[in-house]
Amino acid sequence: MDHRPGFTGQITRAAARHPWRTLGLWVLLLVAAFAASTTMDLSSNTTTAGTEASKATDLIDSRLRPETPPEEFVIVESPTTTADEAAFSGFVDSLVGDLRLLEEVESVTSYRDGAEGLVSDDGHVALIIATLTGDEEDAADTAEPLVNIVEAVDGTDSFRVTTVGFGSIEGEFSDLIAETLEQGEIVGISVALVILLLVLGAAVAAGLPIILALLSIFVAVGATALVSNVMDMSDFIVFIITLVGLAVGIDYSLLIIHRFREERVLGRDKIEAITAAGATASRTVFFSGMAVAIALAGMLIIPDPIFQSFGVGAILVVAAAVLAALTLLPAVLGLLGDRVNWLTLPFIGRRGQVESTGGVWGWVTGVVTARPVISVLVTSGLLIALAVPVLNINLGSTGISSLPEDSNPRHAFDVANEEFSDGVLTALVVIDAPDVSALAVKSSLAELTASLDEDEFFGTSELEMNEAGDLALLTVAMPGDFSSPESEAALKRLRNDYIPAAFTDETADIFVGGPTAETVDDIATQKEYLPFVFTFVLGFSFLLLLLVFRSIVVPLKAIVMNLLSVGAAYGALVLVFQEGIGNELFGFRESPVIESWLPLFLFAILFGLSMDYHVFLLSRIKERYDETGDNTASVAYGLRQTAGIITGAALIMVAVFGGMASGDLVVFQQVGFGLAFAIILDATIIRMVLVPASMELLGDWNWYFPKWLDWLPEIHIEGAAVQATGDKTAAPAGPR
């Protein structure tokens, strides 16, 4: 039956007929992206708007000091000499002198200046405090010359010198992110290329998806750079863009190239084969991209700069990948034609196939559809069992402890906490009152300070007031990592016990900020917005699938199955990282907490990516069901036709995510492992067992669509192939 190509078929046909024009437009786009990328303005701001911690920060910035000079805590250690010996004091004097010569250093304080508390009890460790110029936002740049000096003198005359501070930590994270990206790209792309060679059987066909994915990432980085000038963008954003871009970019091109080659085998000429692939596979890619974008848009609901930047970056790279799949890929195929099959591999190389036997997955389908009840119960039970550990999830921030143990800032941080009672972190208690010098406020401050002095966890405190006399800041030392259970418990005592006991609402408004407060408040905000994100993502995903498949049952099942895979991924994260079960097998570090933003991030990413497979599989099943009306045969056909390509696409995603998990940062290990584990489940247990078993069990009820919804528009996601033109023979009513 003759069908119109639809808008995706028309777009791909136009790109294939005018390939050089299309390539020229893409060259201009890439040049613009390169120019835009130079304006990238990444931010280390992680404060969620509207929280108590953010209000404290805003009050300090607006009414006390517009800039907060960052500090670096330089640790000098010697196993053989002590601070009262000439060799030690001479070394410190020389180092302090070098630091004071730096333009980026405002002041330097050491025990040689008469300051107390800057030498350890045994005298073998000294602390040097360097105050930098500028604000914390620029700390990574201003700290760099200091870090260079510290690294240069480290190891001199048996002295170990390290530094920790906002700037050095951010610089360390940036270096590790760059290393992880480089290593992840090499591993992910290398393994993906091998899988593409096995799936497509030709070197040219296998190389195209990787090239297009990299170009999509480049365009998305340029677009994100422009956005970064009007909103905060996390330091991790390039990592997220690369992670998502490689996964979806390669998969989208793989689906289209596979369909193009299939259409050529059916006898279509080059342009009509591209148009047919555009009307079917490209249409699937377009709606899959919409599903991914809907899921990712859920992150924009949360007033958190990390989530919002992740959402924007991921949506932009998905949009770029879809654009490349609909325009650039057809243009390249229009130029290459059958040369896409060049460098065909012996034995495994093939130029496309019309009907697949399904191999092992065909056999699996036969088994699960023969025993659908058992298959549904066993797989559902397994996924639920995997999800059970999520009940013990401990959300937090991996913080400085996420740095490798051989990291210099991590070493300096540990030594500072062990040898100096105040450590390097603080809680910021902001007192907002008409007159902070009033007797009632002073009395309350004295009571609060007394409570903090009695608490063994807190260190020394320092009070400062603004010139207007309507704001005071009590800076309290909090030793240890800001994300530790001890720090969170101390913050709870401060907020819930000490402050209410000392102050009344009439006396002053009190806000507690600082790293620990920011982490606790962020987690609370994420939990508060969780129902809204779930409702948004699930609701709009249901609506999209309802329109696409004209069924109520299909989208409901898709949502349930995706939730099962996400829940199982959460449980696996808890088991591997939090409980330490099997972490050494994968080369991962055990972590007492799961990164607080990870569950919502994984939900958005996984829900979107899993829709790719679901849409791709169900579109083939629906296509055959519309032709035959035979549910059982349609399910078997859909599985046979998509099993190999879904397995290959899933393995590519696993390779990409696994490569990104191979770095030293535990937060990226959690991200990569969680995504890879869920994709494996999704492409095997769910897509190849639970889906066919449930569809066999429900029969024609799968396609139930009440008549009172007939007014909804019909959207054919994978319509029948386009009628061939010219002297070519039209495609038969079989696989298209």
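The values are calculated or read from the model by the stated rules, or taken from the named source; none is laboratory data. Here the structure is a predicted model, which means the values were calculated and not measured. Methodologically, a virtual Cβ is constructed for each residue, glycine included, from the backbone with ideal geometry; neighbour enumeration extends over all protein chains shown.
Can you tell me which residues in segment 596-631 are outside any helix (DSSP H, G or I) and either crowded, with 24+ Cβ neighbours inside 10 Å or of a type outside the set (D, E, K, R) (or both)?
Result: SER596, TRP597, GLY629.
Taking the options GLU116, GLU103, name whichever one is among the acidic types (Asp, Glu), free of Cβ contacts under 8 Å to residues at least 12 places away in the same chain, farther than 30 Å from THR525 by Cα and assigned to a loop (DSSP other than H, G, I, E, B).
None of the others qualify; the one that does is GLU116.
State all residues of segment 534-554 that are among the hydroxyl-bearing types (Ser, Thr, Tyr) and either buried (at least 18 other Cβ atoms within 10 Å of the Cβ) or not assigned by TED's automatic domain parsing to the domain that holds HIS614 (or both); if no residue qualifies, say none.
The answer is SER541, SER551.
When the residues of segment 213-271 are narrowed to those that are over 18 Å from ALA325 (Cβ atoms) and among the acidic types (Asp, Glu), which ends up farthest from the chain's Cα centre (by Cα)?
Filtering first and then ranking leaves ASP269.
For segment 298-310, which residues satisfy the criterion of being in a helix (DSSP H, G or I) and under 12 Å from PHE532 (Cα atoms)?
First pass over segment 298-310, keeping only residues in a helix (DSSP H, G or I): 298-301, 305-310.
GLY298, MET299, LEU300, ILE301, listed by residue number.
I'd like to know if segment 100-109 contains one or more residues that are under 30 Å from PRO305 (Cα atoms), in contact with a Ser or Thr (Cβ under 9 Å, 6 or more places away or on another chain) and crowded, with 17+ Cβ neighbours inside 10 Å.
yes
Do we find that ASP422 is charged (D, E, K, R), in contact with a strand residue (DSSP E or B) (Cβ under 7 Å, 6 or more places away or on another chain), in a loop (DSSP other than H, G, I, E, B) and not assigned by TED's automatic domain parsing to the domain that holds ALA130 in this structure?
So ASP422 fits the description; yes.
Can you tell me which residue in segment 381-428 is surrounded by the most Cβ atoms within 10 Å (Cβ to Cβ), limited to those that are touching a Gly at 6+ places or on another chain (Cβ under 9 Å), β-branched (Val, Ile, Thr) and closer than 19 Å to GLU71 by Cβ?
Out of the qualifying residues, it is VAL424.
Scan segment 567-595 for residues that are in a helix (DSSP H, G or I), in contact with a Ser or Thr (Cβ under 9 Å, 6 or more places away or on another chain) and surrounded by fewer than 24 Cβ atoms within 10 Å (Cβ to Cβ) and jot them down.
The initial filter retains those residues of segment 567-595 that are in a helix (DSSP H, G or I), namely 567-578, 583-586.
Next, only the ones that are in contact with a Ser or Thr (Cβ under 9 Å, 6 or more places away or on another chain) stay: 577-578, 583.
Result: GLN578, ASN583.
Suppose the filter is more than 36 Å from the chain's Cα centre (by Cα), within 30 Å of HIS411 (Cα to Cα) and surrounded by fewer than 17 Cβ atoms within 10 Å (Cβ to Cβ); does GLU506 pass it? Working first, answer last.
Values: more than 36 Å from the chain's Cα centre (by Cα): yes; within 30 Å of HIS411 (Cα to Cα): no; surrounded by fewer than 17 Cβ atoms within 10 Å (Cβ to Cβ): yes.
The answer is no for GLU506.
When you go through (1) within 30 Å of GLU714 (Cβ to Cβ); (2) surrounded by 21 or more Cβ atoms within 10 Å (Cβ to Cβ) one by one for ASP522, which number turns out not to apply?
Condition (1) is where ASP522 drops out.
Pairs under 6 Å by beta carbon, first residue touching a residue at least 24 places away in the same chain (Cβ under 8 Å) in segment 643-664, partner not in a helix (DSSP H, G or I), six or more apart or different chains?
Final answer for the pair search is ALA643/GLY358; ASP664/PRO404.
Quick one: which of PRO485, PRO500 is farther than 25 Å from PHE677 by Cβ and at pLDDT below 85? Walk me through how you get there before you give the answer.
Numbers: PRO500 fails: at pLDDT below 85.
Only one candidate qualifies: PRO485.
Out of segment 429-478, which residues are crowded, with 20+ Cβ neighbours inside 10 Å and under 14 Å from LEU59 (Cβ atoms)?
VAL429, VAL430, ILE431, ALA433, VAL436, LEU471, ALA472, LEU473, LEU474
Any chance segment 642-656 includes a residue that's touching a Ser or Thr at 6+ places or on another chain (Cβ under 9 Å), hydroxyl-bearing (Ser, Thr, Tyr), surrounded by fewer than 24 Cβ atoms within 10 Å (Cβ to Cβ) and more than 22 Å from VAL367 (Cα to Cα)?
no
Could you please let me know if MET299 is within 22 Å of GLY539 (Cα to Cα) and surrounded by fewer than 24 Cβ atoms within 10 Å (Cβ to Cβ)?
On the way: within 22 Å of GLY539 (Cα to Cα): yes; surrounded by fewer than 24 Cβ atoms within 10 Å (Cβ to Cβ): no.
Here the answer is no, as MET299 does not meet what is asked.
Can you report the number of residues in segment 45-89 which are more than 30 Å from ASP135 (Cβ to Cβ) and assigned to a helix (DSSP H, G or I)?
Looking only at that region, the number is 4.
Give the residues of segment 364-379 that are part of a helix (DSSP H, G or I) and more than 35 Å from the chain's Cα centre (by Cα), sorted by residue number.
Listed by number, the residues that qualify are GLY366, VAL367, THR369, ALA370, PRO372, VAL373, ILE374.
Quick one: how many residues across segment 129-179 are polar (S, T, N, Q), within 25 Å of the chain's Cα centre (by Cα) and buried (at least 19 other Cβ atoms within 10 Å of the Cβ)? Can you show your working first?
Here is the first cut: in segment 129-179, the ones polar (S, T, N, Q) are 131, 133, 142, 148, 156, 158, 162-163, 168, 174.
Those left that are additionally within 25 Å of the chain's Cα centre (by Cα): 168, 174.
Now restrict to residues that are buried (at least 19 other Cβ atoms within 10 Å of the Cβ): 168.
So the answer is 1.
Residue-by-condition table, conditions (1) in contact with a strand residue (DSSP E or B) (Cβ under 8 Å, 6 or more places away or on another chain); (2) of a type in the set (Gly, Ala, Ser):
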| position | (1), (2) |
| --- | --- |
| GLU103 | no, no |
| GLY114 | no, yes |
| ASP121 | no, no |
| ALA130 | yes, yes |
| ASP135 | no, no |
| THR142 | yes, no |
| ILE169 | no, no |
| ILE186 | no, no |
| ILE189 | no, no |
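Using the structure shown, decide if SER541 is farther than 18 Å from LEU391 by Cα, among the hydroxyl-bearing types (Ser, Thr, Tyr) and part of a helix (DSSP H, G or I). Spell out how you get there, then give the answer.
On the way: farther than 18 Å from LEU391 by Cα: yes; among the hydroxyl-bearing types (Ser, Thr, Tyr): yes; part of a helix (DSSP H, G or I): yes.
Here the answer is yes, as SER541 does meet what is asked.
Yes or no: VAL92 at pLDDT 90 or above, part of a strand (DSSP E or B) and β-branched (Val, Ile, Thr)?
No; evaluated as a whole, the condition is false for this residue.
If a residue must be part of a loop (DSSP other than H, G, I, E, B) and at pLDDT below 80, how many such residues does segment 328-347 contain?
4
Take the residues in segment 380-418 that are in a loop (DSSP other than H, G, I, E, B) and not small (Gly, Ala, Ser), then tell me which one is modelled with the lowest pLDDT.
My answer is THR398.
Here are some conditions: (1) at positive phi; (2) under 41 Å from the mean Cα position of the chain (by Cα); (3) not aliphatic (A, V, I, L, M). GLY123 meets all but one. Which one does it not meet?
(2)
For the structure I just gave you, tell me whether GLU116 is over 14 Å from LEU99 (Cα atoms), in contact with a Ser or Thr (Cβ under 8 Å, 6 or more places away or on another chain), surrounded by fewer than 22 Cβ atoms within 10 Å (Cβ to Cβ) and at pLDDT below 90.
no
For residues that are assigned to a loop (DSSP other than H, G, I, E, B) and either β-branched (Val, Ile, Thr) or in contact with a Phe, Trp or Tyr (Cβ under 7 Å, 6 or more places away or on another chain) (or both), tally how many sit in segment 129-163. Lay out the reasoning, then the answer.
As a first pass, look at segment 129-163 and keep what is assigned to a loop (DSSP other than H, G, I, E, B): 133-135, 154-155, 159.
This time we only want the ones that are either β-branched (Val, Ile, Thr) or in contact with a Phe, Trp or Tyr (Cβ under 7 Å, 6 or more places away or on another chain) (or both), so: 133, 159.
Here the count works out to 2.
Kindly establish whether LYS557 is crowded, with 19+ Cβ neighbours inside 10 Å, of a type in the set (Lys, Arg) and either under 28 Å from LEU382 (Cβ atoms) or within 22 Å of the chain's Cα centre (by Cα) (or both).
Yes.
Considering only residues of segment 632-686 that are not in a helix (DSSP H, G or I) and not small (Gly, Ala, Ser), which is farthest from PHE173 (Cα to Cα)?
ASP664
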